[in-house]
1. For the stretch 1-36, what are the residues that are within 11 Å of TYR122 (Cα to Cα), assigned to a loop (DSSP other than H, G, I, E, B) and not hydroxyl-bearing (Ser, Thr, Tyr)?
2. Those residues that are of a type in the set (A, V, I, L, M) and out of contact with any Ser or Thr (no Cβ under 7 Å at 6 or more places or on another chain), I need them from the stretch 1-33; list them, please.
3. Which residue, of VAL144, VAL95, VAL49, VAL91, is at pLDDT 95 or above, β-branched (Val, Ile, Thr) and not in a strand (DSSP E or B)?
4. Which numbered condition trips up LYS166, out of (1) in contact with a strand residue (DSSP E or B) (Cβ under 9 Å, 6 or more places away or on another chain); (2) at pLDDT 95 or above?
5. Checking LEU81 against (1) surrounded by 15 or more Cβ atoms within 10 Å (Cβ to Cβ); (2) touching a residue at least 60 places away in the same chain (Cβ under 8 Å), which single condition isn't satisfied?
6. So which residues in the stretch 125-159 are aliphatic (A, V, I, L, M), in contact (Cβ under 8 Å) with a residue 24 or more places away in the chain and either surrounded by fewer than 21 Cβ atoms within 10 Å (Cβ to Cβ) or out of contact with any Pro (no Cβ under 7 Å at 6 or more places or on another chain) (or both)?
7. Filtering the stretch 169-185 down to residues that are of a type outside the set (S, T, N, Q) and under 25 Å from GLU18 (Cβ atoms), which residue is modelled with the lowest pLDDT?
8. Collect the residues in the stretch 65-91 that are hydroxyl-bearing (Ser, Thr, Tyr) and closer than 25 Å to ALA131 by Cα, keeping them in residue-number order.
Amino acid sequence: MDALELLHNRVSCPLLLEPAPTAEQMDNLFKAALRAPDHAVLRPSRFLVVEGEQREALGELYLKAGLEDDPALSDAKQTKLRNAPLRAPVVVVAVAHKTEHPKVPYSEQLITVGCATHAMLYAAHAQGVGAMWRTGPMAYHPTVMAGLGLAENEEIVGFLYLGTPKVVRQAPEVDTAPYVTRWEA
């Protein structure tokens, strides 16, 4: 697949099944991630791989956080929280490890981790691996961050769900004209 074809045709895959990506495919994802633009080469990206039974433990962590927010959470919402990490064989938690730096503000470090996660999406697509970048309330919940062992200078940028796509979707055509203007001084 040529690079432009890859860039023009990547789509999110919300329905993911076994088999999980291979060790080689996962290594390719992380190599792609670490090629993201990184001012001062701070390497602010950190990735937690959640697979197998650990996905159930992550679901229990989500449930704990949800019940802290709303002790009267309905059974249906409890089930949804508990099962969320089971939507894919592998969940990669993209974490921004922010460092004080005189020339690189936190915002640039977050962008680097965003670019790293974006690169992983494209590397997944290039290898035929389905991927979906998710966030939502659990990405910002202090109980989830603590349960995942994040430090005070870290935050979750997203959860990258990986597996075999149940349905292969086609990328819709995009008209770029509404999004591009020429600036004139």
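1. Once the filter is applied, which keeps residues that are within 11 Å of TYR122 (Cα to Cα), assigned to a loop (DSSP other than H, G, I, E, B) and not hydroxyl-bearing (Ser, Thr, Tyr), the stretch 1-36 yields ARG10, VAL11.
2. MET1, ALA3, LEU4, LEU6, LEU7, VAL11, LEU15, ALA20, ALA23, MET26, LEU29, ALA32, listed by residue number.
3. Only one candidate qualifies: VAL144.
4. All conditions are met except number (2).
5. Condition not satisfied by LEU81: (2).
6. ALA126, ALA131, MET138, VAL144, LEU148, LEU150, ALA151, ILE156, VAL157
7. ARG169
8. Answer for the stretch 65-91, where residues must be hydroxyl-bearing (Ser, Thr, Tyr) and closer than 25 Å to ALA131 by Cα: just THR79.
The values are calculated or read from the model by the stated rules, or taken from the named source; none is laboratory data. Since the structure is predicted, the reported quantities are computational estimates derived from the model, not experimental observations. Neighbour counts are summed over all protein chains in view; Cβ atoms, including those assigned to glycine, are modelled from backbone coordinates with ideal geometry.
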